[in-house]
Amino acid sequence: MTATITHVERFTLQVPFVERVRRDMERAGIHTWSELEITRVETDAGVVGWGETIQNYTWGRVQTHERVLGQSPFAVMWDDSLGAGLQMALFDAAGKLAGVPLYKLLGTKCRDWCAISFWDHDMSPERYAIEAQTAVELGYTSIKIKTRPWFDVRETIRQISAVTPDHFRIDADWNAFLNNASNAIPLLRELEQTFPKIKIFEDPIPRHDASGNRFLRTQISTAIAHHYGVIHPREAMELGGVCDGWILGGGVNAITSQGHTCEALRMPFFLQMVGAGPTTALSLHLSAVLVQAQWPTITCHELYEHSLLKQRIEVLGGHARVPEAPGLGIEIDEEALAKYRVDQADHSLPKRLVKVTRAGGINIYFANSGQKWTFFQGGNHPVDEWGSSTELLDDDGSAEFADLYARAAESPVMTTE
């Protein structure tokens, strides 16, 4: 069917995270992921396509939509520069116009069920145990966790392992917090030898450290994953391999291109496409046609109060079925869109302190999450120390809190009280 785009509408939603993770998302400073921009594309054939952009995370915001007006969705849908939500809506509309599920526009399907993982940001061992149990109840067989020097990583993995079935797996994302191979090797060896449920270490040390990553990979048995493109795949292979697989993200054109390279190299990858239900559906269509999408896809749609879909994407044995209806193959819940629609998202938070207690009895106070990243990635305290814990302190209205907050806002405050 030939059709052209006659109208594009964009509007903002603020979809809260479920209460059990809300404070942790706020402490980590990523509560802003609750801001979603919805893109609705209408064609002169009466077909409507839907897309979403997680405004403060997704690979590309929609900057302008006027240039797609009057064009066929098929002519512009591969243009990654359009931004996440608009590109998604164009593919959704194109699939509906053609009367086929989106994956048929992407390539040849190689699987009906795609591996998918539960995901959470960094939190205490006790809260991670609750999340892992929730994941099992929802049909997942793996969880991706954020391993951080301000929590006890060993205790986190011990508690997750204790409350999950033997077949459950854990993927640990360090976001390069181990800083270098000399920190990483003894710590990762201990973890993999102690906890058999660990299957992937993501970014243990900085991605651009080619020699360090190459050496690290020879010293541990667990698979190492890095984000695609920081070290070019050809360079990675010529160096003898800096990782066992990749994390892919970005626009549809980029992902399919990278996925084909991974196929040629025979290296697995997982998609990291954080979002609600529409983004998750798109990830399934991509996983359906990319042969090396063999590691579990990461999205955070289970953490939102509402996925924006009329029906939950069912997960069975750690896999979700690729939608077979035309386009994205999902039904948008327009009542939910109306409920969460706002003129402008409000991300303001009350004044709080983040208190990190180290094993040696030192307390470090931070005024925001970004300070923690700078402090530990700068080598200002050991990153491989067990026994750390972290808590979020609310403003109690006291002069002591106000003074401590003012000092922490300038620089992290260390005490031994």
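The values are calculated or read from the model by the stated rules, or taken from the named source; none is laboratory data. Worth saying up front: this structure is predicted, and the values here are computed from it rather than measured. With ideal geometry, Cβ positions are generated from the backbone for all residues, glycine too; neighbour counts draw on all protein chains shown. For accessibility, only protein heavy atoms count, side chains too; no ligands or nucleic acids. Shrake-Rupley method; radii C 1.70, N 1.55, O 1.52, S 1.80 Å.
Using DSSP to define loop residues, name the trypsin sites (Lys or Arg not before Pro) in the stretch 261-361 whose beta-carbon has at most 16 other beta-carbon atoms within 10 Å. All intermediate terms of the calculation are to be shown ahead of the outcome.
On the way: sites: ARG266, LYS310, ARG312, ARG321, LYS339, ARG341, LYS351, ARG352, LYS355, ARG358; in loops: ARG266, LYS310, ARG312, LYS351, ARG358.
Answer by residue number: ARG266, LYS310, ARG312, LYS351.
Pop the C-beta distance of ILE362 and ARG22 into the FRET formula with R0 = 25 Å and round what comes out to the nearest 0.05. Don't jump to the answer; show the numbers that get you there.
Values: r = 29 Å, r/R0 = 1.14.
So, using R0 = 25 Å, E works out to roughly 0.30.
Say R0 is 25 Å: what FRET efficiency, to the nearest 0.05, do ASP395 and ALA338 get from their beta-carbon distance? Please report the intermediate quantities before stating the final value.
On the way: r = 35 Å, r/R0 = 1.38.
So, using R0 = 25 Å, E works out to roughly 0.10.
Given N residues in the chain, what is its alpha carbon radius of gyration divided by 2.2 N^0.38 Å?
On the way: Rg = 22.1 Å, N = 417, 2.2 N^0.38 = 21.8 Å.
Ratio of Cα Rg to 2.2 N^0.38 Å: 1.01.
By per-residue mean of other Cβ atoms within 10 Å, what is the highest-first order of 34-43, 328-337? Before the final figure, lay out the partial values.
Numbers: 34-43: 22.7, 328-337: 17.8.
Highest-to-lowest ranking by the protection proxy: 34-43, 328-337.
If a/c stays under 1.5 just call it rounded; otherwise compare a/b with b/c (prolate if a/b is bigger, oblate if not). Do that for the stretch 198-330, with a ≥ b ≥ c from the square roots of the Cα gyration tensor eigenvalues.
Values: a/c = 2.45, a/b = 1.93, b/c = 1.27.
Prolate shape, in that a/c is at least 1.5 and a/b is the bigger ratio.
Please give the net charge around ALA359, taking every other residue with its beta carbon less than 14 angstrom from that of ALA359, where Lys and Arg add +1 and Asp and Glu add -1.
Numbers: positive: ARG154, ARG358; negative: ASP152, GLU155, ASP384, GLU385.
Residues close to ALA359 contribute a combined charge of -2.
Counting DSSP beta bridges in the chain, what percent are antiparallel, to the nearest 5?
Details: 38 of 62 bridges.
For the chain, the DSSP antiparallel bridge percentage is about 60.
Using Cα pairs closer than 8 Å and at least 6 residues apart in sequence, work out the relative contact order for the stretch 1-145, in percent.
Values: 236 pairs, mean separation 31.9, N = 145.
Relative CO of the stretch 1-145 lands at 22 percent.
Which of LYS199/LYS355; LYS144/LYS197; LYS104/LYS199; LYS109/LYS310 have a Cα-Cα distance over 23 Å? Kindly include the intermediate steps, with their values, before the conclusion.
On the way: LYS199/LYS355 31 Å; LYS144/LYS197 12 Å; LYS104/LYS199 32 Å; LYS109/LYS310 25 Å.
Check vs 23 Å cut-off fails for LYS199/LYS355; LYS104/LYS199; LYS109/LYS310.
Report the equivalent ellipsoid semi-axes for the stretch 25-176 in whole Å, largest first, defined as the square roots of five times the eigenvalues of the gyration tensor built from alpha carbon atoms. Please list the in-between numbers first.
Values: eigenvalues 291, 76, 27 Å².
Here the semi-axes work out to 38, 19, 12 Å.
By the gyration tensor of its Cα atoms, with a ≥ b ≥ c the square roots of the eigenvalues, what is the shape of the stretch 349-417: rounded for a/c under 1.5, prolate for a/b over b/c, or oblate? Walk me through the intermediate numbers first.
Numbers: a/c = 1.98, a/b = 1.59, b/c = 1.24.
Verdict is prolate for the stretch 349-417.
Give the cross-link partners of LYS351 among the lysines, using a straight C-alpha distance below 20 Å as the criterion and excluding same-chain residues fewer than 8 apart.
Output for LYS351: LYS372.
On the full set of protein chains, 1.4 Å probe, figure out the accessible area of VAL8 and give it in Å² to the nearest 10.
10 Å²
Report, in deg cm²/dmol and to the nearest 500, the calculated mean residue ellipticity at 222 nm for the chain, where each DSSP H run with n ≥ 4 adds -39500 (n - 2.57) and the sum is divided by the residue count. Let's see the in-between values first.
Values: 14 runs with 140 residues, N = 417.
After summing the helix terms and dividing by residue count, I get -10000 deg cm²/dmol.
Can you tell me how the stretch 119-207 classifies by the Cα gyration tensor, rounded, prolate or oblate, using a/c under 1.5 as the rounded cut? Spell out each step's value before the answer.
Details: a/c = 1.91, a/b = 1.69, b/c = 1.13.
Note, shape of the stretch 119-207 comes out prolate.
Stretch ARG312-VAL291 to full length: gain in nm at 0.36 nm per residue minus the Cα-Cα span?
Details: separation 21, 0.36 × 21 = 7.56 nm, distance 2.55 nm.
Result for the pair: 5.0 nm of gain on full extension.
On a 0 to 90° scale, report how tilted helix 277-289 is relative to the longest principal axis of the chain, with both axes built from alpha carbons and the result rounded to the nearest 10.
For 277-289 against the chain, the angle is about 80 degrees.
Tell me the label-point distance for the pair THR32, GLN193, using the 7 Å Cα-to-Cβ offset, in nm and rounded to one decimal.
Going by the 7 Å Cα→Cβ label model, 4.2 nm.
Put a dot 7 Å past each Cα toward the Cβ at ALA264 and GLN63; how far apart are the dots in nm?
2.9 nm
Beyond 19 Å, what share of the Cα-Cα pairs of the stretch 292-365 remains, rounded to the nearest whole percent?
It works out to 63 percent of all Cα pairs.
What's the ranking of 215-228, 291-304 by average number of surrounding C-beta atoms within 10 Å, highest first? If you can, show how the numbers build up before the last one.
On the way: 215-228: 18.2, 291-304: 23.1.
Descending mean neighbour count gives 291-304, 215-228.
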